[in-house]
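A short worksheet on the structure shown next.
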Amino acid sequence: MNPIEFEVKKIIKNSAKEISKKALEVENWNSFDGYGILPGIEKAEFEERTKKMIGSRIRVKNSDGTDHLEEILEWGSGKRIVMKIYDFPTALSYVATHFIEEWNFEKLGKNETLVSRKFQLFPTSFLTRPLLSQIAAFIEKSIAKQLDEMAINMSKS
């Protein structure tokens, strides 16, 4: 079944390597507040961290008490990060099998990077696709908000 897709882009005044490094500082993931019905993140920690990052798994505990896993499928510091989000709580597992998140970095100028975050959300069936589309709208807004905050915070450092 075709995934539900969206992409959010933001120019951040920092190098791609610095942005990708910051993206995986899991001790700061609790700054993600969620959006609408989408819970924020209470805590994130590596369940397994590999030397080359590929295959690393991060357990995320959400502010509503649920949790999920994020696994790094591709790691090109400063170029591209691909993660699989899965092992959802019961309610979401009825609607989606997994999500794929891609971070792409394009150098625009000295210390200026276009950050693109693309999501693919895979519904469990055609019956759950409309509900997952509604959830995708909340995820998209939360990612836009998070990139805005990342741009502000990274320009301060």
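The values are calculated or read from the model by the stated rules, or taken from the named source; none is laboratory data. Quick caveat, the model's predicted, so the values are computed rather than measured. Every residue, glycine among them, receives a Cβ derived from its backbone with ideal geometry; neighbour counts consider all protein chains shown. Heavy atoms of the whole protein, side chains included, go into the accessibility calculation; ligands, DNA and RNA do not. Shrake-Rupley method; radii C 1.70, N 1.55, O 1.52, S 1.80 Å.
With the structure loaded, tell me whether residue 90 is open to solvent by 30 Å² or more (accessible area, probe 1.4 Å), farther than 21 Å from residue 148 by Cα, in contact with a Ser or Thr (Cβ under 6 Å, 6 or more places away or on another chain) and without any contact (Cβ under 8 Å) to a residue 24 or more places away in the chain or whether it fails that test. Before the answer, list the steps.
Working: open to solvent by 30 Å² or more (accessible area, probe 1.4 Å): yes; farther than 21 Å from residue 148 by Cα: yes; in contact with a Ser or Thr (Cβ under 6 Å, 6 or more places away or on another chain): no; without any contact (Cβ under 8 Å) to a residue 24 or more places away in the chain: yes.
Judged against the criteria, residue 90 is not a match.
Could you figure out which of (1) surrounded by 14 or more Cβ atoms within 10 Å (Cβ to Cβ); (2) basic (Lys, Arg); (3) within 19 Å of residue 27 (Cα to Cα) isn't true of residue 51?
Residue 51 satisfies all of (1) surrounded by 14 or more Cβ atoms within 10 Å (Cβ to Cβ); (2) basic (Lys, Arg); (3) within 19 Å of residue 27 (Cα to Cα) except (1).
Collect the residues in the stretch 46-85 that are farther than 29 Å from residue 106 by Cβ and touching a helix residue (DSSP H, G or I) at 6+ places or on another chain (Cβ under 6 Å), keeping them in residue-number order. Working first, answer last.
The initial filter retains those residues of the stretch 46-85 that are farther than 29 Å from residue 106 by Cβ, namely 47-48, 59, 61-67.
Passing the criteria: none in range.
Out of (1) crowded, with 18+ Cβ neighbours inside 10 Å; (2) within 13 Å of the chain's Cα centre (by Cα), the odd one out for residue 35 is which?
(2)
Can you tell me which residues in the stretch 100-140 are among the basic types (Lys, Arg) and either at pLDDT 95 or above or open to solvent by less than 60 Å² (accessible area, probe 1.4 Å) (or both)? Please lay out each step first, then the result.
Of the stretch 100-140, the ones among the basic types (Lys, Arg) are 107, 110, 117-118, 129.
Matches in the stretch 100-140: 117, 118, 129.
Six or more apart or on different chains, Cβ under 6 Å: which pairs go from a residue in the stretch 132-143 that's over 10 Å from residue 121 (Cα atoms) to one that's among the hydroxyl-bearing types (Ser, Thr, Tyr) and open to solvent by 10 Å² or more (accessible area, probe 1.4 Å)? Could you list them?
Here the result reads 138/35; 141/35; 142/35, each pair linking the stretch 132-143 to a residue that is among the hydroxyl-bearing types (Ser, Thr, Tyr) and open to solvent by 10 Å² or more (accessible area, probe 1.4 Å).
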